[in-house]
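Structure record follows, encoded as structure tokens.
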Amino acid sequence: MTPASRFKRVVLMTLGALLLGTVLPLSQAFAQGNKTVVNYWLWLDDSTDPVWPDLVKEFNQTHPNIEVKYQTIPLSQYHDRLLTAIGSGSAPDAARFKDWWLGEFVSNDLLQPLTSYIQQWPGSSDVIQNLWSTGKTSADSPVYMLPAQYITFYLYYRADRLKAAGLEPPKTFAEFVQEAKTLTDPAKKQYGFALRGGAGGQDQWYAFMLALGCHLVDGSGAVVADSQACVDANQKYIDLFRVDKVTPPTAPSDGFAQIIGGFESGITTFAAHHVGSSKSLTEKLGDKLGVTNVPPADPNKPATMMAMSGNVVFGSSKEKQAAFTFISWLDSQGPMDKMSRSANGQLPVLASVASEPYYQNNPFFKLSLEQANYAVAWPPLPGVGYVASQLWQASMQQALLGQITSQQMMTQIATALKQK
């Protein structure tokens, strides 16, 4: 189902419910005396992290007129659960959100513009200026997503295994492939690279695509995902599994738990992820852990992907001001620092927090902040949410298993990105 047809279905469901008089209050918010209830959704890479429950508890204790009720949902289900909730009239008031969903939701008038709220918010001047663009669909559009935390993708490596093999961290993709081959020994169940073909693997893939010279849109915003440059880059990525055979045989279905678990145990030597996993990896591996850029085709042209996790307020919410009060509180110095240092930590969007020694002296944060100068985000097109949440995984698994070609895969992605 295309993004356009899926949203038509959502709209029809909502209209039908209205005609029947069965739609619940859209935000499910209600007043209990002077207390306003705000329903908030989020996903967490590490659901055992106690920081988020503590933050919500702290907010509720310090804001006696507002009560935040939150729900965590796995990222693999998150996008579709939001659509279902919108269709049934039970959307949350606010939610954690990815930048690559903006085009889809904004084009269907589902998000509340936040510019007027931001203009009245004293903390707005502390947000790193160039990050505001990640919450817009164009340079001239309102801000629809309040930046919260972002990542850039880089390459983790097992320093102990490279040292034992007499190797240095790869500086180019060609070096990366050669080293991955050297460090692959199926008989010992050891492989060079933890390729993530399962849920959530689209960001890892996009980082490599950019490093190999593929941009999904050109300078004018036209979709060029099916260009020869992108087909060739995608083929090189597929070949890591099919031809170079430097990945575990489970790569087509491996998700986050599998690639990180295999990397920690020494099954793989290289794994692409971001600063969000640096704390847990450092605790487990210590000085056995190293980090470098996603290896580019041309060492003079580094490239990787950036993703912003922000917060939005839904247009259907009856408690928009209270919802913004909560999400802007998350962007204050104390909560931002706690989030960034947690097991789910990412890069802080506040200049005051990012300048602290904890981030400046940490090699994982330091590299990420350097990469932010050239990292590229998913384009804010309506079709990106569908590509990232559904199409990419299905088509990548087919390509890895030889059921479709690289050209066919990129044509599918280009077609979806062009949907309005």
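The values are calculated or read from the model by the stated rules, or taken from the named source; none is laboratory data. These figures come from a predicted structure and were not determined experimentally. Positions of Cβ are generated from backbone atoms using ideal geometry, with glycine treated the same way; all protein chains shown enter the neighbour counts.
Could you tell me whether the range 279-294 includes any residue that is at pLDDT below 95, under 20 Å from the mean Cα position of the chain (by Cα) and not assigned by TED's automatic domain parsing to the domain that holds HIS215?
no
With the requirement that a residue be out of contact with any helix residue (DSSP H, G or I) (no Cβ under 7 Å at 6 or more places or on another chain), crowded, with 16+ Cβ neighbours inside 10 Å and over 22 Å from LEU401 (Cβ atoms), what does the range 247-272 give you?
PHE263
Residue by residue, here is whether (1) more than 23 Å from ALA165 (Cα to Cα); (2) in a helix (DSSP H, G or I) holds:
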{"position": "ASP244", "(1), (2)": "no, no"}
{"position": "PRO248", "(1), (2)": "no, no"}
{"position": "GLN258", "(1), (2)": "yes, yes"}
{"position": "GLY261", "(1), (2)": "no, yes"}
{"position": "THR269", "(1), (2)": "no, no"}
{"position": "GLY276", "(1), (2)": "yes, yes"}
{"position": "LYS279", "(1), (2)": "yes, yes"}
{"position": "LEU285", "(1), (2)": "no, yes"}
{"position": "PRO296", "(1), (2)": "no, no"}
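If a residue counts only when it is touching a helix residue (DSSP H, G or I) at 6+ places or on another chain (Cβ under 7 Å), at pLDDT 90 or above and more than 19 Å from VAL291 (Cα to Cα), which helices (runs of 4 or more DSSP H) contained entirely in the range 329-384 have at least 1 such residues?
Helices (runs of 4 or more DSSP H) meeting the threshold: 333-341, 351-354.
Quick check on GLU168: is it of a type outside the set (Ser, Thr, Tyr), in a loop (DSSP other than H, G, I, E, B) and either within 25 Å of the chain's Cα centre (by Cα) or surrounded by fewer than 22 Cβ atoms within 10 Å (Cβ to Cβ) (or both)? Please lay out each step first, then the result.
Numbers: of a type outside the set (Ser, Thr, Tyr): yes; in a loop (DSSP other than H, G, I, E, B): yes; either within 25 Å of the chain's Cα centre (by Cα) or surrounded by fewer than 22 Cβ atoms within 10 Å (Cβ to Cβ) (or both): yes.
So GLU168 fits the description; yes.
Taking the condition of being farther than 22 Å from LEU210 by Cα and without any contact (Cβ under 8 Å) to a residue 12 or more places away in the chain, how many residues in the range 283-303 meet it?
Total satisfying the criteria: 2.
Specify the residue that is nearest to ASN311 (Cα to Cα); the eligible residues are those in the range 111-120 that are touching a Leu at 6+ places or on another chain (Cβ under 9 Å) and not in a strand (DSSP E or B).
Residues of the range 111-120 touching a Leu at 6+ places or on another chain (Cβ under 9 Å): 111, 114, 117-118.
With the extra rule that they be not in a strand (DSSP E or B), the set shrinks to 114, 117-118.
Numbers: LEU114: 10, TYR117: 13, ILE118: 13 Å.
My answer is LEU114.
Just to be sure, is ALA394 of a type outside the set (Asp, Glu), within 26 Å of TRP205 (Cα to Cα), without any contact (Cβ under 8 Å) to a residue 60 or more places away in the chain and part of a helix (DSSP H, G or I)?
Yes, satisfied.
Pairs please, first residue from the range 358-369 and outside the structural domain of LYS288 (by TED's automatic domain parsing) and under 18 Å from TYR156 (Cα atoms), second anywhere and of a type in the set (Ser, Thr, Tyr) and part of a helix (DSSP H, G or I), Cβ atoms under 6 Å, 6+ apart in sequence or on different chains.
As it stands, the answer is PHE364/SER278; PHE365/TYR359, since those pairs meet every condition given.
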